[in-house]
Amino acid sequence: MNEQSKKMKLLEEVPIPKALLALGLPTMIGMLINALYNLIDTYFVGRLGTEHMGAITVAYPLGQVIVGVGLLFGNGAAAYLSRLLGRGDKETANKVASTALYSSVCSGAVVIFCSMIFIKPILKQLGAIDSVMPYALTYTRIYIVFSIFNVFNVTMNNIVSSEGAAKTAMFALITGAVLNVILDPILIYGLNLGIAGAAIATAASQVVSTVVYLCYIFKKKSVFHFHIKEFCFTKDIMSEILKIGIPTLLFQILTSLSVAMTNDAAAEYGGSALAAMGPVTKIMSIGSLVVFGFLKGFQPIAGFSYGSKKYERLREAIRISIMWSTMFCVLFGLMLIIFPRVIVSQFAKNDMEMVRVGQMALRANGISFMLFGFHTVYSFLFLVMGKAKEGCILGSCRQGICFVPVILFLPGILGLRGVIYAQPIADIITAVVTVFMAYNLHKKAGINPKL
């Protein structure tokens, strides 16, 4: 049996627990290591000082917006590709994969060019105070230019995951992560490049991940063909990509907006409060990326099962995914509740105020994170089923519809505690919304997971 036949068998026949582990575990490990190297990056920069930590804190949301371009085309295509493979339409799948890849790189280049022109006012809006701005400019100018490779990587990560090639996605992520960890101390301290060294290390890791994906393409290991002649900018293909991609991009923009609004609100209480948001954001991203990585395995199974009308298989995938992701979220949340001070103190250079604010934020987020897996399963499910409107609403809740009103008004009532509790309160409201939307989905679609 060749490699492509094995991928199809995994989506169609292999028992759900085994298929979820085979598809989700490699991507989960890759994304976990990717998140850990971001945290290690934060650790090394934190040793330089509070202002340096503030610099990468304000740069993070802009980088996430640019990554959103890759998600726009990559995740939008992945949901469609899974359904096409389920229907056996390989010809259209090739066109969709090629169109998504070339469109993402071209669009990403435009966004990066515009960002570089307005880089200083953008950073100011993201919360960069005067003491942080010089370091933020140094880091961001390097980080953003090389993000074009990350746009390519994110697009390919979603496409290869849709065909069941989870090990390739894992290898690309791990290779880049390991290189970053090696280069960070060498460039930051060994060559005395400071925060510029952190940016160069990140850029190099992204280039290496791109090389891994290019080898995968040129060695023809993919189910899909990525030829320029397959590029097909038609209404049918783009509407299918964008109806899922736009909600995904909106979710990414709202994620960046929520981080930016949190940073901006925290900056009102000083540089230490702003700096504390950096490690808290990166630590929480570890938990969320593990869930996202695991559900990358759920996505192609759900899409394939829905496209081939295998509803019993879809029901089982939903049930097991909710159970496993929630178990992880509870354990991760408990760790943050029990050990917040120990965790945050690793990223502070003798700044006790930063530690105090950070531990409060970690404990609060740890409580609400226990609901994250349940919400995220349904966010993925609506999109993979092609229900763009519902997916857009649910995906926008946690860091948009529910979060924005809270972060705008709560700090005025509770001060800094209002900044800290804004995301946890939004998480709880979102979980309640998810319950009602999930009930309606199962009632109308007849896919009761029998939890």
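The values are calculated or read from the model by the stated rules, or taken from the named source; none is laboratory data. Just so it is clear, the structure is predicted and the values come from calculations on it, not from any experiment. Counting neighbours? That spans all protein chains shown, and the Cβs are built from the backbone with ideal geometry, glycine included. What goes into the accessible areas is simple: the full protein's heavy atoms, side chains included, and nothing from ligands, DNA or RNA. Shrake-Rupley method; radii C 1.70, N 1.55, O 1.52, S 1.80 Å.
Select from the range 153-174 the residues that are assigned to a helix (DSSP H, G or I), open to solvent by 10 Å² or more (accessible area, probe 1.4 Å), farther than 20 Å from residue 106 by Cβ and not hydrophobic (A, V, I, L, M, F, W, C) and list them in ascending order. Of everything in the range 153-174, those that are assigned to a helix (DSSP H, G or I), open to solvent by 10 Å² or more (accessible area, probe 1.4 Å), farther than 20 Å from residue 106 by Cβ and not hydrophobic (A, V, I, L, M, F, W, C) turn out to be 167, 168. Collect the residues in the range 361-408 that are of a type in the set (Phe, Trp, Tyr) and touching a residue at least 60 places away in the same chain (Cβ under 8 Å), keeping them in residue-number order. Scanning the range 361-408 gives 369, 372, 374, 378, 380, 403. Looking across the range 131-143, just one residue is within 20 Å of residue 203 (Cα to Cα), of a type in the set (Val, Ile, Thr) and buried (at least 24 other Cβ atoms within 10 Å of the Cβ), and that is 140.
Taking the listed residues 330, 342, the one that is open to solvent by 20 Å² or more (accessible area, probe 1.4 Å) and out of contact with any Phe, Trp or Tyr (no Cβ under 9 Å at 6 or more places or on another chain) is 342, with no other qualifying.
Within the range 328-352, being without any contact (Cβ under 8 Å) to a residue 60 or more places away in the chain and either aromatic (Phe, Trp, Tyr) or out of contact with any helix residue (DSSP H, G or I) (no Cβ under 8 Å at 6 or more places or on another chain) (or both) holds for 328, 330, 331, 332, 338, 339, 342, 350, 352.
Contact map, the range 409-421: residues that are among the hydrophobic types (A, V, I, L, M, F, W, C) paired with residues that are surrounded by fewer than 19 Cβ atoms within 10 Å (Cβ to Cβ), Cβ distance under 7 Å, separation 6+ or inter-chain. Pairs shown: 410/418; 416/269.
Return yes when residue 243 is under 14 Å from the mean Cα position of the chain (by Cα), in a helix (DSSP H, G or I) and basic (Lys, Arg) and no when it is not. The answer is no for residue 243. Quick check, is residue 275 closer than 23 Å to residue 40 by Cα, part of a helix (DSSP H, G or I) and either open to solvent by less than 50 Å² (accessible area, probe 1.4 Å) or of a type in the set (Ser, Thr, Tyr) (or both)? Yes; evaluated as a whole, the condition is true for this residue. Taking residues in the range 218-239 that are more than 19 Å from residue 83 (Cα to Cα), and partners anywhere that are exposed (fewer than 14 other Cβ atoms within 10 Å of the Cβ), the pairs with Cβ atoms closer than 9 Å and at least 6 places apart or on different chains are 221/3; 221/215. When the residues of the range 343-380 are filtered to those that are under 15 Å from residue 431 (Cα atoms) and of a type in the set (A, V, I, L, M), the one that is farthest from the chain's Cα centre (by Cα) is 367. Counting only residues that are open to solvent by less than 60 Å² (accessible area, probe 1.4 Å), over 15 Å from residue 178 (Cα atoms) and either in contact (Cβ under 8 Å) with a residue 24 or more places away in the chain or aromatic (Phe, Trp, Tyr) (or both), the range 189-198 holds 3 of them. Within the range 108-130, the set of residues being among the polar types (S, T, N, Q) and surrounded by 17 or more Cβ atoms within 10 Å (Cβ to Cβ) comprises just one member, 115.
Residues in the range 349-390 that are modelled with pLDDT under 80 and open to solvent by less than 10 Å² (accessible area, probe 1.4 Å): 384 alone.
Checked against (1) closer than 15 Å to residue 62 by Cα; (2) over 17 Å from the mean Cα position of the chain (by Cα); (3) crowded, with 24+ Cβ neighbours inside 10 Å, residue 150 passes all but a single condition, namely (2). Just a yes or no: is a residue in the range 237-260 farther than 30 Å from residue 373 by Cβ, out of contact with any helix residue (DSSP H, G or I) (no Cβ under 9 Å at 6 or more places or on another chain) and open to solvent by 30 Å² or more (accessible area, probe 1.4 Å)? Looking through the range 237-260, at least one residue is farther than 30 Å from residue 373 by Cβ, out of contact with any helix residue (DSSP H, G or I) (no Cβ under 9 Å at 6 or more places or on another chain) and open to solvent by 30 Å² or more (accessible area, probe 1.4 Å). Here is a check on your reading of the model: is residue 144 touching a helix residue (DSSP H, G or I) at 6+ places or on another chain (Cβ under 6 Å) and within 19 Å of residue 300 (Cα to Cα)? Considered against the rule, which asks whether it is touching a helix residue (DSSP H, G or I) at 6+ places or on another chain (Cβ under 6 Å) and within 19 Å of residue 300 (Cα to Cα), residue 144 comes out as no.
Being at pLDDT 80 or above, open to solvent by less than 10 Å² (accessible area, probe 1.4 Å) and either closer than 16 Å to residue 244 by Cβ or of a type in the set (Asp, Glu) (or both) is the filter here, so list the residues in the range 40-97 that pass it. Of everything in the range 40-97, those that are at pLDDT 80 or above, open to solvent by less than 10 Å² (accessible area, probe 1.4 Å) and either closer than 16 Å to residue 244 by Cβ or of a type in the set (Asp, Glu) (or both) turn out to be 68, 70, 74, 76, 77, 78, 81, 84, 93, 96, 97. State whether the residues of the range 214-221 include one that is at negative phi, surrounded by 21 or more Cβ atoms within 10 Å (Cβ to Cβ) and assigned to a helix (DSSP H, G or I). Checking the range 214-221: not a single residue is at negative phi, surrounded by 21 or more Cβ atoms within 10 Å (Cβ to Cβ) and assigned to a helix (DSSP H, G or I). Keeping to the range 282-299, report how many residues are within 17 Å of residue 340 (Cα to Cα) and of a type outside the set (S, T, N, Q). Total meeting the criteria: 5.
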